[in-house]
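Asks: Please find one structure pasted underneath; my questions will follow.
Taken together, the values in this text are just the output of simple stated rules run on the coordinates, not laboratory data. Predicted, not measured: the structure shown is a model, and the values here were computed from it. Virtual Cβ from ideal backbone geometry, glycine too; neighbours counted across all protein chains shown.
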Amino acid sequence: MNKPTTGDFTKTAGWLDWYDGPTQPRFQLPAGSVDAHCHVFGPGAEFPYAPERKYTPCDASKQQLFALRDHLGFARNVIVQATCHGADNRAMVDACLASGGRARGVATVKRSVTDEELQALHAAGVRGVRFNFVKRLVDFTPKDELMEIAARIGKLGWHVVIYFEAVDLPELWDFFTALPTTVVVDHMGRPDVSLPVDGPQFALFEKFMREHTNVWSKVSCPERLSVSGPKALNGEQNAYADVIPFAKRIVEQFPDRVLWGTDWPHPNLKDHMPDDGLLVDFIPHIAPTAELQHKLLVANPMRLYWPEEN
Ligand SMILES: O=C(O)c1cc(C(=O)O)oc(=O)c1
């Protein structure tokens with residue numbers, strides 16, 4: 001892979017570039033595995049970053065994403081609109097169109113989006129919209145606007161992806177549980193993994209999934225959630241030990257409603273940038289059997305993003 005570039009934009013101070021030269025995973029992904037959460041950034045010279053963005057990343061192009069896909073052994077990608085592109089979906093759409101049917105997308109849209117624009121996104125491979133409630137990433141959008149968007153995209157058979165912090169789940173509960181579509185939670189709703197896995201914070205998330213069978217979760221981003229490490233670097237085969245009990249519990253309890261993704265190119269990490277090969281080696285720690293691995297990596301993402309192939 002080529003080294004990250006910055007284009008004409010100035011990266012956010014302290015920005016960590018994605019890891020160049022990931023190792024070959026030891027864990028062999030099942031045939032047809034989907035990296036169900038990853039992004040493209042720009043390149044800024046071709047697809048400028050949004051004026052309202054909260055960070056400026058290094059570029060991470062579709063070619064670099066596809067090279068990583070092939071290197072790690074994934075068959076397909078789900079490319080999630082990154083907040084640094086706001087509601088300008090061109091970079092994500094361009095990547096989906098260039099993938100030869102091997103990528104689907106999740107967009108960010110405003111209330112003003114037209115039916116024709118939604119149709120064009122659908123034709124490009126978009127199957128969901130993302131609602132973001134992480135305050136460091138986006139400005140607030142009124143919930144009635146989001147609900148209106150959810151009703152419109154639901155008619156296309158799309159779902160809603162939600163990103164929020166665990167402490168905000170109580171306040172967002174009524175809104176989330178009123179959504180009329182399948183709802184996919186990014187990164188397990190960002191639990192504080194220094195709290196007990198049996199404690200009230202994670203119990204609320206489990207209740208959310210148990211009582212609402214339309215709710216799915218990505219069991220991704222141990223590198224973001226871990227407090228203890230060790231980091232997925234230098235051949236480490238037991239990375240992010242403190243995240244394992246949380247993710248494993250969700251995989252085992254809800255095996256038909258979980259997804260996994262690399263989160264490449266890993267926006268806003270402050271501490272270290274993981275080796276994506278070693279991140280793949282994290283998977284068998286949270287999905288210990290071949291059956292769970294197949295559901296997590298193949299059957300579930302295919303059902304949600306390529307239903308016509310089922
Ligand atoms: O935690 C984050 O900083 C983060 C940001 C974005 C984005 O900017 O879209 O996406 C993610 O999945 C995670």
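Asks: Return the residue satisfying two criteria in turn: it lies in the range 69-87 and is over 24 Å from Val134 (Cα atoms) and in a helix (DSSP H, G or I), and of such residues it is nearest to the chain's Cα centre (by Cα).
Replies: Arg69
Asks: Still on this structure: Every residue in the range 170-182 that is crowded, with 16+ Cβ neighbours inside 10 Å and either within 16 Å of the ligand (Cβ to nearest atom) or farther than 28 Å from Met302 by Cα (or both), please.
Replies: Within the range 170-182, just Leu172 meets the criteria.
Asks: For Ala247, state whether it is small (Gly, Ala, Ser) and surrounded by fewer than 17 Cβ atoms within 10 Å (Cβ to Cβ).
Replies: For Ala247, the condition - small (Gly, Ala, Ser) and surrounded by fewer than 17 Cβ atoms within 10 Å (Cβ to Cβ) - is not met.
Asks: Among the residues of the range 22-57 satisfying the criterion of being within 16 Å of the ligand (Cβ to nearest atom) and hydroxyl-bearing (Ser, Thr, Tyr), which is surrounded by the most Cβ atoms within 10 Å (Cβ to Cβ)?
Replies: Tyr49
Asks: Which residue pairs have Cβ atoms closer than 8 Å, lie 6 or more positions apart in sequence or on different chains, and pair a first residue in the range 14-26 that is in contact (Cβ under 8 Å) with a residue 24 or more places away in the chain and farther than 16 Å from Asn234 by Cβ with a second residue that is part of a loop (DSSP other than H, G, I, E, B) and aliphatic (A, V, I, L, M)?
Replies: As it stands, the answer is Leu16/Leu269; Leu16/Met273; Asp17/Met273; Trp18/Met273, since those pairs meet every condition given.
Asks: Which ones in the range 70-90 are closer than 20 Å to Trp306 by Cα and surrounded by fewer than 22 Cβ atoms within 10 Å (Cβ to Cβ)?
Replies: Asp70, Gly73, Ala75, Arg76
Asks: Output the number of the condition that Asn238 fails; it satisfies all remaining conditions of (1) assigned to a helix (DSSP H, G or I); (2) of a type outside the set (Ser, Thr, Tyr); (3) more than 16 Å from the ligand (Cβ to nearest atom).
Replies: (1)
Asks: Residues in the range 258-274: is at least one in contact with a helix residue (DSSP H, G or I) (Cβ under 7 Å, 6 or more places away or on another chain), surrounded by fewer than 17 Cβ atoms within 10 Å (Cβ to Cβ) and among the acidic types (Asp, Glu)?
Replies: No: the range 258-274 contains no residue that is in contact with a helix residue (DSSP H, G or I) (Cβ under 7 Å, 6 or more places away or on another chain), surrounded by fewer than 17 Cβ atoms within 10 Å (Cβ to Cβ) and among the acidic types (Asp, Glu).
Asks: In addition: Among (1) part of a loop (DSSP other than H, G, I, E, B); (2) without any contact (Cβ under 8 Å) to a residue 40 or more places away in the chain; (3) of a type in the set (A, V, I, L, M); (4) away from the ligand (no atom under 16 Å from the Cβ), where does Val227 come up short?
Replies: With respect to (1) part of a loop (DSSP other than H, G, I, E, B); (2) without any contact (Cβ under 8 Å) to a residue 40 or more places away in the chain; (3) of a type in the set (A, V, I, L, M); (4) away from the ligand (no atom under 16 Å from the Cβ), Val227 is out only on (4).
Asks: Okay, next question. Determine which single condition Asp168 fails, assuming it passes every other condition in (1) among the acidic types (Asp, Glu); (2) more than 25 Å from Tyr305 (Cα to Cα); (3) touching a residue at least 60 places away in the same chain (Cβ under 8 Å).
Replies: Result: Asp168 fails condition (3) only.
Asks: Restricting attention to the range 100-131, report how many residues are without any contact (Cβ under 8 Å) to a residue 60 or more places away in the chain, within 18 Å of the chain's Cα centre (by Cα) and over 15 Å from Ala150 (Cβ atoms).
Replies: Of the residues in the range 100-131, 4 are without any contact (Cβ under 8 Å) to a residue 60 or more places away in the chain, within 18 Å of the chain's Cα centre (by Cα) and over 15 Å from Ala150 (Cβ atoms).
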